[in-house]
Amino acid sequence: MRIRPVVLALTLAACGADRYAEPPPPPAPEAPRTPDAAPAAPIAPIARTAPAAPPAWQGAAATLSNAGHWDVRWTSEPAPIPENEPFALTVWVLDRDGELADVDLSVDAAMPEHGHGMNRVPRIVEREDGGFQVDGLLFHMPGRWELYFDVTRGALTERAQVEVVLE
């Protein structure tokens, strides 16, 4: 007698299919409940949001104001600051908690050893990101300059300064 392969395959599958299957896992034991225990809260799904962009001032140069109330962050364009060529600064002022501060800012510079400052008055405008754009700066000669950031809130002004050496 000749058995056809299709019939043989179906017969073997029907007879032995369950023999090789994995047994189902045992049910998980229930946690004991006490009369005053509240039912477990359902698990909330994980929120899938895009990561927050790093703050604009991340990686900027930083200096504290003289009394330590303000963290002044700044970048220059171009970098490094050139000699006898106009440059601009982007400045952010953070409070002690690392949050952008609602303050006024003025910027100036001087060469203490020479007894003079810049020959220009910079133009300062607030940026949409909470910082300040400072345009029209120019260090007209090489040497040691001090860049001054005067931060004002209300009637109080506090200075932060940083040394810039042009060689």
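A few comments on the model shown:
Per-residue answers, yes or no, for (1) part of a strand (DSSP E or B); (2) under 25 Å from the mean Cα position of the chain (by Cα):
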site	(1), (2)
E128	no, yes
V134	yes, yes
F139	no, no
F149	yes, yes
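- So W70, is it within 19 Å of the chain's Cα centre (by Cα), surrounded by 11 or more Cβ atoms within 10 Å (Cβ to Cβ) and modelled with pLDDT of 95 or more: yes
- Inspection of segment 89-105 identifies no residue that is modelled with pLDDT under 75, surrounded by fewer than 10 Cβ atoms within 10 Å (Cβ to Cβ) and either of a type in the set (S, T, N, Q) or part of a loop (DSSP other than H, G, I, E, B) (or both).
- Here segment 121-162 is the region considered, the condition is being over 15 Å from S106 (Cα atoms) and aromatic (F, W, Y), and the residue that is surrounded by the fewest Cβ atoms within 10 Å (Cβ to Cβ) is F139.
- Scanning segment 103-133 for residues that are of a type in the set (V, I, T) and within 23 Å of A67 (Cα to Cα) yields V103, V107.
- Filtering segment 55-65 for residues that are on the phi < 0 side of the Ramachandran plot, modelled with pLDDT under 95 and among the aliphatic types (A, V, I, L, M) leaves a non-empty set.
- Long-range neighbours under 7 Å by Cβ, at least six apart or interchain, first residue free of Cβ contacts under 8 Å to residues at least 12 places away in the same chain within segment 137-161, second surrounded by 14 or more Cβ atoms within 10 Å (Cβ to Cβ) and of a type in the set (D, E, K, R): T157/D150
- Answer residue from segment 51-67, given it is within 15 Å of the chain's Cα centre (by Cα) and small (G, A, S) and is nearest to E128 (Cα to Cα) among those: A56
The values are calculated or read from the model by the stated rules, or taken from the named source; none is laboratory data. Since the model is a prediction, treat every value here as computed from it, not as a measurement. All Cβ positions, even for glycine, are placed from backbone atoms using ideal geometry, and neighbour counts span all protein chains on display.
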